[in-house]
Amino acid sequence: MFSKEDIVKFHEMKTPFYHYKTDVLKQTLQSIVNETNKYNYHVHYALKANANAQILSLIQSYGLGADCVSGNEIIAAIENGFPTDKIAFAGVGKSDEEINIGLENDIFSFNCESMAEIQVINELAAKKNKIAKIALRINPNVNAHTHQYITTGLEENKFGINKWELEDVLSIIAQSKNVKLMGLHFHIGSQITDLKAFKSLCIRVNEIQEWFYNHHIIVDHINVGGGLGINYYNPDEELIPDFVMFFKIFKDLLKLRPQQHLHFELGRAIVAQCGNLISKVLYIKKGVNTNFAIIDAGMTELIRPALYQAVHKIENLSSDNSILETYDVVGPICESSDCFAKAIKLPATKRGDIIAIRSTGAYGEVLSSNYNLREKVQDFYD
Ligand SMILES: *Cc1c(COP(=O)(O)O)cnc(C)c1O
């Protein structure tokens, strides 16, 4: 991933920083374009994974749409070139102000998560004399077999409308003159590596479509969300996720009606592998059973390990010492959860060595904070 020149340069730079490889992002996007062109599928990039302007403008240049979960994400998408008619807006708690941003920009779709929300969108659209295009986010009750904090498609989760509510939802839509139902939306979770979950989703979507068909409704758009996982353990073996297999599952199993369009909302799978968090070792400290490698990046720059026990591959780019030692790699923040990895093997490591935390392009920099009054983390592109 890194050349000798990169490493020399990193030693001279102020750390920590996010380093983005635009060629990895371009190859990823090209692979998506190749696969989706085969089937005429539409992909919306989920901005919440990484909303840096450079990343957004590159992604939109490949023709992708945007999937937003806040008013400010809608604005960021528009500012960075995404066409408004390719912007989907999801989220269980859209504020009136955010709904108005969507209405003013005539976005592609409001993905509605409750009956109350449909009524509010209808009222706000009526005030503006507009018809809001809506999709119903339906909870398919499919287990994504991922971490409980990033599982979203079970009936117990806060997301989406459950199947037993659908009759009532249809009657609300029938009474609402300023919304138009144009789609069904699903999203079962994130970092899904067992593709069987997507197969189960296809089967559920077919059943739900059948239900709508029996109610004389055929929507124009089916949106199956995102969630495709990436290889955090061996990133170099799989820098580009297996989009061939992913899209083919839907081609093989999902029954589209004539004229129906299929949409996806991918976040992590697009941006995770192009980013790495680069840090320096501040101190090595002997522990009871391990050594601590205390680095200058912490949970303020990358919270995923502390938030949901996420695993990232960690490399010492400065040392090719063949003697491996055991380290807990930890940050400087005053929280015991500020730990990137426990008891991992690294080449003998010393103060000043460059540490790369791999696969951090998604849900890394966007989730950074200035807790402990830390400086905003820098980013570099090459
Ligand atoms: C987060 C999210 C996505 C993207 O999820 P990834 O796992 O990053 O692909 C897609 N759709 C919705 C509604 C989301 O909330």
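The values are calculated or read from the model by the stated rules, or taken from the named source; none is laboratory data. Computed from a prediction, not measured in an experiment: that's the story for all the values here. With ideal geometry, Cβ positions are generated from the backbone for all residues, glycine too; neighbour counts draw on all protein chains shown. Please note that ligands, DNA and RNA were not included when accessible areas were found on the heavy atoms of the full protein model with its side chains. Shrake-Rupley method; radii C 1.70, N 1.55, O 1.52, S 1.80 Å.
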In sequence order, what are the phi-derived ³J(HN,Hα) couplings for the range 139-145 according to the Karplus relation 6.51 cos²θ - 1.76 cosθ + 1.60 with θ = phi - 60°, rounded to whole Hz, with x for glycine and proline? 7, x, 6, 10, 7, 7, 6
Pairwise over distinct Cα atoms, reciprocal of the mean inverse distance: report the Kirkwood radius of the range 177-327 in Å, one decimal place. 19.1 Å
Candidates per chymotrypsin sites (Phe, Trp or Tyr not before Pro) in the range 164-265, loop by DSSP, up to 16 other Cβ within 10 Å: Tyr233
Give the Kirkwood hydrodynamic radius (Å, one decimal) of the chain, defined as one over the mean of 1/r across all pairs of different Cα atoms. 22.0 Å
With an 8 Å Cα cut-off and a minimum separation of 6 or more residues, compute the relative contact order for the range 53-102 in percent. 41 percent
The range 22-272, relative contact order [Cα under 8 Å, separation at least 6], %: 21 percent
Would you tell me the accessible area of Arg204, worked out with a 1.4 angstrom probe on the heavy atoms of the protein chains, in Å² to the nearest 10? 50 Å²
Whole-Hz ³J(HN,Hα) for each residue in the range 236-245, computed from phi via Karplus 6.51 cos²θ - 1.76 cosθ + 1.60 with θ = phi - 60°, x for glycine and proline: what do you get? 5, 6, 8, 5, 9, x, 7, 5, 4, 5
Using a Gaussian network model of the chain whose springs link C-alpha atoms within less than 10 Å, name the residue from Ile131, Ile121, Ile59 with the highest mean-square fluctuation. Ile131
Report the accessible area of Asp106, computed with a 1.4 Å probe over the heavy atoms of all protein chains in place, in Å² rounded to the nearest 10. 90 Å²
Determine the order of Cys334, Cys202 by accessible area, beginning with the largest, at a probe radius of 1.4 Å. Cys334, Cys202
For Asn372, the net charge from surrounding residues (Cβ-Cβ under 15 Å; K, R +1; D, E -1) works out to -3
Residue range of the chain that is longest and free of GluC sites (Glu not before Pro) which are both DSSP loop and sparsely packed (at most 12 other C-beta within 10 Å): 157-374
To the nearest Å², the heavy-atom accessible area per residue of the range 280-372 with 1.4 Å probe amounts to 45 Å²
Scan around Leu195 for amide H atoms under 5 Å from its own, H built in the peptide plane at 1.01 Å from N, and keep only partners 5 or more places away or cross-chain. none
Leu136 long-range amide H proximity, modeled H, under 5 Å: Cys112, Gly183, Leu184, His185
Amide H to amide H, which residues 5 or more places from Val43 or on other chains are under 5 Å from it, using H placed in the peptide plane? Gly65, Phe264
Let me spell out the model: positive unit charges on the Cβ of Lys and Arg, negative unit charges on the Cβ of Asp and Glu, origin at the Cα centre of the range 22-272. What dipole size does that give, in debye rounded to 20? 540 debye
Contact order normalised by length for the range 219-309, with contacts defined as Cα pairs under 8 Å and 6 or more residues apart; what percent is it? 29 percent
Residue-ordered couplings for the range 84-90, obtained by feeding phi - 60° into the Karplus form 6.51 cos²θ - 1.76 cosθ + 1.60 and rounding to whole Hz (Gly and Pro as x), are 4, 7, 10, 9, 9, 10, 10
